[in-house]
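Student: Got a structure here, written out as structure tokens. Questions coming.
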Amino acid sequence: MEDALAGDALSPRAQRVAVGATFLVCLAVRLATIGAPALDRTAWKEIDYIQISSNYWRHGYDFTCPEIAWPAEDPRCTAMELPLVPFIASFGYPVLGLTPLSVRWISLVSFVLLPLTLYGLVRRELGPLVACLAAFACAAMPLYHPFGRFQYSEPPMILCSALALHFFAKWLDSDSRVHWFGAMGAFSLAVALKLEPLYLLLPIGWLAFRRFRWNWRAYRGAGTLVAVSLLLPTIWYGWAFHLGRTSIDVFGVFGGHDKMQTLAMLTTLSWYRIMRWRVMSLILGGVAGTLLALAGLWAALLLRRASVFAAWLAAIAISFVIVAEGNIDAPYRQLPSVPPLAVFVAFGAIALGAAIRTATDLDRPRGAVRPRLTAVFAALVVATALPGARWKETWRTDPLQPWHPPQWDLAQAIRANSAPGDLLIALGEYTVHKGGNDLSPVLYHYSGLQGWTLQAGEWNEARVEQLRTRGATHLALSSMSHQPGAHEFVDTLRRHYPVLFEDSANGLVLLDLRTPADG
């Protein structure tokens, strides 16, 4: 296998062709599928970002006030991670309108540039053949992931994470100020966009230790880089904390998931089963891709190669454990594992090719052909194994299929029984966590109304009557099977307000607050 890892395993021209083809195919597939799902029926994660970016456009570009649209009354500025993605996207709306391309182009660019960035880092560590294959695997993995197209912070965060390691490694080689500032800026943005990339301290620390060993004075530049990188996140999260205290926090940045909740989840077998399925199916495409990644990890350990990517993957695994509940709640939280896993998939494919070549005595013919045979075989293996049965889902996604069918059905009933300017009281439009909850915009976005979300402490008729006097016209119940008390509350309200729509199988109820049944 060592010959496949050699620096001359692929010619510069072959590398350019391979990486260029990966870039073009990835770009073409993403452009062809960017419209699914349609913006008016997309997932909860993207809806918040669409509303915030739309409000930047419509209400002035006040970066410090990321504003959601669904509350009927102020305050609407919400605490969140650095809102760079919705802010930048909003500048395209006056020119292109609110279209899938104008909304999702940042994610598209992030996932197209990610393989190129990974290629540069892997080429430095493992040679051109692994780099080309890793870039291809990294481009393919998110294509069929259900959150692979949406506007949200994870795609640029993952790109910035890869850029931070890439520039940091180059700075260690060259001591260049350009690379130092590149690593600092990329790491700073990654942590500001999402707190989780603090796990990069592990691979960054390993890169530095491998370079400087026990010469502690040599760490001054790396330590300064990390300290300066954390200035922007500290400033922004301080401001976000202020917004959470004085306005609202629908993202649960400070009151959502219990970030240190580990014992309850990690002592439950279902947590491991769900995480295994998410990584194996949504990231690696199935059993074949998983076996390649495991084989690559084993081969890398035997050869004592790819230690940086092992540290990167281990750091992400640790973050999965620390944010155990959040990783169960959201499949997109596993996407940061794509770059390091892509490296081990590539390593595994090359190891398999080398093993087959050795077993069939293909080492004997012309030596110059061997790396090419390995490259072609490994590329075919990766192309076949990664997508698996899920590859066709990239093309079969129906843009008109709503992401949340029950809420879509309820929203259609609301639309049919309401007029512009009506206001909605919603029960069930939030997800309960140990540390708090996340408020959902789905029903409001699908129905086109604004309103109020009532939580358990507000389930009383006096609160409903108070909101009626402030303009509430409808009350909707959805997704409350985990809190049966909500159904009892709605059953009480049935005696006073007509039922406009009901779907008992999905726990959906719509009441008309405009015409009380008792006068």
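Student: Report the net charge of residues surrounding Asp491, where surrounding means a beta-carbon distance below 14 angstrom and charges are Lys +1, Arg +1, Asp -1, Glu -1.
Tutor: -1
Student: Follow-up. Give, in whole angstrom and from largest to smallest, the semi-axes √(5λ) of the equivalent ellipsoid of the stretch 405-512, with λ running over the eigenvalues of the Cα gyration tensor.
Tutor: 18, 16, 15
Student: Could you state the angle between the C-alpha long axis of helix 370-385 and the longest principal axis of the C-alpha atoms of the chain, as a value from 0 to 90 degrees rounded to the nearest 10?
Tutor: Relative to the chain, helix 370-385 is tipped by roughly 20 degrees.
Student: Could you state the angle between the C-alpha long axis of helix 287-303 and the longest principal axis of the C-alpha atoms of the chain, as a value from 0 to 90 degrees rounded to the nearest 10?
Tutor: That helix lies at roughly 40 degrees to the long axis.
Student: Rounded to the nearest 0.05, what FRET efficiency do Phe212 and Asp329 give with R0 = 41 Å and r taken as the Cβ-Cβ distance? Could you check?
Tutor: In this case the efficiency is close to 0.55.
Student: In whole Å and largest first, what semi-axes does the C-alpha gyration tensor of the chain yield when each eigenvalue is scaled by 5 and square-rooted?
Tutor: 47, 25, 21
Student: I've got another one for you. Hey, got the dipole for the stretch 218-352? About the Cα centre, +1 on K and R Cβ, -1 on D and E Cβ, debye to the nearest 20?
Tutor: 340
Student: Let me ask you something else. Just checking the chain: which Cys have no other cysteine's beta-carbon under 4.7 Å?
Tutor: Flagged as lacking a Cys partner: Cys26, Cys132, Cys138, Cys160.
Student: Now a separate question. Given the stretch 121-260, what whole percent of its Cα pairs are spread farther than 26 Å?
Tutor: 35
Student: Among Val226, Val103, Gly60, flag the residue with its Cα farthest along the positive direction of the charge dipole of the chain, charges on Cβ as +1 for Lys/Arg and -1 for Asp/Glu.
Tutor: Checking the options against the dipole of the chain, the answer is Val226.
Student: On the Cα set of the stretch 1-157, report Rg and Dmax in Å, please.
Tutor: 19.0, 66
Student: Still on this model: What is the sum of charges around Leu335, taking Lys and Arg as +1, Asp and Glu as -1, for the other residues whose C-beta is under 13 Å from the C-beta of Leu335?
Tutor: My count for the surroundings of Leu335 gives +3.
Student: Sorted by packing (mean other beta-carbon atoms within 10 Å per residue), highest first, where do 92-102, 287-297 land?
Tutor: By packing density, highest mean first, the sequence is 287-297, 92-102.
Student: Right, something else. Using the alpha carbon gyration tensor of the stretch 200-247, what are the three equivalent-ellipsoid semi-axes (square root of 5 times each eigenvalue), largest first, in whole Å?
Tutor: Over the Cα atoms of the stretch 200-247, the semi-axes work out to 33, 10, 6 Å.
Student: Also, I was wondering about something else. Note the angle between two axes, namely the Cα long axis of helix 201-212 and the longest principal axis of the Cα atoms of the chain, as a number of degrees from 0 to 90, rounded to the nearest 10.
Tutor: Long axis of 201-212 versus the principal axis of the chain: about 20 degrees.
Student: Further, regarding this structure: Going by average Cβ neighbours within 10 Å, how do the peptides 197-204, 164-171 rank, with the highest at the top?
Tutor: The packing order, highest mean first, is 164-171, 197-204.
Student: Oh, and also: Output the peptides 175-186, 136-147, 488-499, 103-114 sorted from most to least packed, where packing is the average of other Cβ atoms within 10 Å over each peptide's residues.
Tutor: Top to bottom by mean Cβ count within 10 Å: 136-147, 103-114, 175-186, 488-499.
Student: Right, another one. Can you give the local net charge around Ala79? Use residues other than it whose beta-carbon is closer than 10 angstrom to its beta-carbon, Lys and Arg +1, Asp and Glu -1.
Tutor: Result for the neighbourhood of Ala79: -1.
Since every read-out is calculated from the coordinates, none of them should be taken as a lab result. In this text the structure is predicted, and so the values were computed from the model without any measurement. Every residue, glycine among them, receives a Cβ derived from its backbone with ideal geometry; neighbour counts consider all protein chains shown.
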